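Worksheet for the structure shown next.
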Amino acid sequence: MPVFFYAFAAISIVGAIALVCFRNPVSSAISMVGSFVGLAALFIGLNAYFVGIIQILVYAGAIMVLFLFIIMLLDLKAPSTFKRSSPMVIVGGLIIPFTFVIQLSAVLPEVRGGNPQALPLEEAAKGFYDKDRDPDKQSEIYNSLRQKSLPDVNLVGLTLFGHKGDNASIRTPGYNFPLQITGVLLLVATVGVVALSLKKKKSKSGGSES
Amino acid sequence: MASLQEYLFISGLLFAIGLAGVLIRRNIIVIFMCLELMLSAANLTLVAFSRFNTGENGLPDYNGQVLVFFIITVAAAEVAVGLAIIVALYRARQTVDVKDLTSMRG
């Protein structure tokens with residue numbers, strides 16, 4: 001019985017429920033950190049170490065600090081500002097996700113190939129053997145796989161940047177161009193944030209903007 | 001190790017909780033956090049399929065994990081822009097309650 005799976009799944013589900021239910025936005029943000037840490041542990045349980053660490057660094061680190069900073073900046077933590085939604089909205093907001101979960105549990109038994117199997121690391125190493133190099137100067141991926149450890153970061157990098165030659169038995173279209181586009185997206189987002197947060201100095205009467 | 005169905009169910013449950021939060025809550029920052037939760041739930045689906053859909057060499061399909069990497073990058077940019085919009089909105093209207101933000105008749 002996968003104890004760790006159920007423990008971390010419970011942590012992430014409880015954190016998500018607490019995120020929705022807490023009145024105080026600061027408590028919501030903290031419980032969201034718990035939910036994301038549980039989710040990152042689930043990623044690591046799926047042998048996706050790189051994605052799990054990125055999840056903790058980016059979501060539980062950077063993004064949540066940004067949320068907390070904004071909540072504190074706007075000073076929303078007073079519970080007196082909390083207003084409850086109307087009962088109709090609450091009922092509707094519970095029925096729609098509940099219907100979604102019921103549909104999901106009806107579909108899930110149809111999913112094939114769901115049996116967990118251990119990764120054949122030593123056999124996979126054969127696909128990364130390079131004949132043109134000395135046997136003791138093989139790639140990091142080959143050496144790690146031979147020692148029965150999964151070189152997760154190297155494999156993600158190989159998939160991301162593509163590879164030359166046929167010695168690497170991994171199928172990838174190469175993601176160099178999407179990576180460049182992502183860089184442009186981040187630049188545009190930075191410029192947009194600066195443009196949005198600039199105060200307008202031209203307002204004549206001052207008014208509500210200041 | 002749990003089966004693929006269990007991972008997908010947890011992912012769907014997280015997505016449903018996030019959807020409920022988006023529909024129920026009135027604080028726009030909490031709504032935004034619930035949106036992030038839904039994105040992460042989708043990431044869990046991708047990683048689970050990547051792990052269980054092994055290739056010819058028996059290793060996970062790393063294309064799925066690269067997609068998760070891109071999603072996390074885009075989510076980080078989205079959070080930065082979204083929070084800047086919320087701060088600008090708060091400066092203009094002095095509120096973060098979506099019931100008070102009805103000038104677009106939503």
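Observations on the model:
- Rg over Rh for the protein assembly as shown works out to 1.04, using Cα positions for both radii and the Kirkwood form for Rh.
- Mean-position separation - Cα centroids, region A:20-83 and region B:20-65, in angstrom: 15
- In terms of its C-alpha gyration tensor, region A:40-116 has an oblate overall shape, because the principal axis ratio a/c (a ≥ b ≥ c, square roots of the eigenvalues) is not below 1.5 and a/b does not outweigh b/c.
- Modelled FRET efficiency - R0 30 Å, residue A:191 with residue A:132, Cβ distances, 0.05 increments: 0.05
- Take the Cβ atoms of residue A:143 and residue A:4, set R0 to 30 Å, and the FRET efficiency comes out at 0.60.
- Its alpha carbons considered, chain B gives a radius of gyration followed by a Dmax of 17.7, 58 Å.
- Taking other C-beta atoms within 10 angstrom as a stand-in for reagent exposure, B:97, A:132 fall in the order A:132, B:97, fewest first.
- Treating each Cα of region A:3-79 as an identical point scatterer and summing with the Debye formula, the log10 of I(q)/I(0) at q = 0.12, 0.24 Å⁻¹ comes to -0.35, -1.03.
- Only helices reaching 24 angstrom along their own axis (Cα) with mean Kyte-Doolittle hydropathy no lower than -1.0 count here, and for the DSSP H runs of chain A these are A:3-21, A:25-45, A:87-107, A:176-197.
- Label point distance in nm, residue A:66-residue B:54, each placed 7 Å from Cα along Cα→Cβ: 3.7
- Net lengthening on full extension, residue A:49/residue A:182 (0.36 nm per residue, minus Cα-Cα): 45.7 nm
- Counts of other chain beta carbons within 10 angstrom of each beta carbon in peptide B:22-32 average 6.
- Residues in region B:91-106 that a label on residue A:200 would reach, taking backbone N under 14 Å of a point 7 Å out along Cα→Cβ: B:91-93
- Mean partner shielding of peptide B:97-103, defined as the number of other chain Cβ atoms within 10 Å of each residue Cβ, is 1.
- Relative contact order %, chain B, counting alpha carbon pairs below 8 Å whose residues are six or more apart: 26
Computed from the coordinates by the stated procedures, all read-outs in this text should not be read as laboratory data. The structure displayed is predicted, hence computed values, not measured ones. Every residue, glycine among them, receives a Cβ derived from its backbone with ideal geometry; neighbour counts consider all protein chains shown.
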